[in-house]
Amino acid sequence: MTQRLGLVLSALLATGLAAQAAPHGWKHYTDAMLGYTIAYPPGWSIDTHYVSAALGPDREIHGVAFTIPAGTAAGTNLGTDSKLSVESLPGSGCQPSQFVDPADDVHRVHADGRIYTAATSEDAGAGNRYETQIFVIDGTSPCVAVRYFIHSAAIGNFDPGTVKAFDRAGLLAAFDRIRATLTLGK
């Protein structure tokens, strides 16, 4: 009986049924084709035709993106195009390098009742910084990943006192709360 209970719990964790409930007032998005549901806070915009071209125009990755409210960036160096996205690629056994290049600091993350293979990637240019964190959900087919994209400007590019540094820890916590609501139904 204990072994069977363990198998049932493992199955529940693998399918994401242990995902956290969304806070009151959050909206829900369901992707019927991939069989997942995710919740996002009020004020965030959704793009159901999102395409990541992070790997180049000939390697597009399709998904859905949830962009921060403009007010979150107001008065800070945070770009209004900062977002969390849920993306998919055909196949199984996917790795972060299929979603970001370079895929730095590849590691396992146990969170939200599932296991992710995660990585980071950073780029900079013309006073802007682009930070990506990718969380590939182990055992999905097609492969499903959650991407955090943070665009910010170098704080030194602004006159002193005109903008403040954005709350990176707070933004990452918001992204984490959204990711925690992801439920895989297949």
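Here, each number is a calculation from the coordinates, and none is a lab measurement. All values reported here derive from a predicted model rather than from experimental measurement. Cβ atoms come from the backbone with ideal geometry, glycine included; neighbour counts cover every protein chain shown.
Values as computed for the structure displayed
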quantity: Per-residue HN-Hα couplings for segment 49-58 [Karplus 6.51, -1.76, 1.60; θ = phi - 60°; Hz; x = Gly/Pro]; calculated: 10, 4, 9, 8, 10, 4, 9, x, x, 8
quantity: Cα shape, the chain, gyration tensor, a/c 1.5 rule; calculated: prolate
quantity: Span from the segment 118-186 Cα centroid across to the segment 44-74 one, whole angstrom; calculated: 11
quantity: Cα gyration tensor shape for segment 12-103, rounded if a/c is under 1.5, else prolate or oblate; calculated: oblate
quantity: Signed unit charges on C-beta, dipole axis of the chain, positive-most listed residue GLN95, GLY75, GLY43; calculated: GLY43
quantity: Residues ALA32 and ASP58, FRET efficiency given R0 of 30 Å [Cβ-Cβ distance, rounded to 0.05]; calculated: 0.60
quantity: Electrostatic dipole magnitude of the chain [Cβ: Lys, Arg +1; Asp, Glu -1; Cα centre; debye, to 20]; calculated: 660
quantity: Extension gain (nm, one decimal) between ASN157 and THR48, 0.36 nm per residue minus Cα-Cα; calculated: 35.9 nm
quantity: Cα gyration tensor shape for segment 18-70, rounded if a/c is under 1.5, else prolate or oblate; calculated: oblate
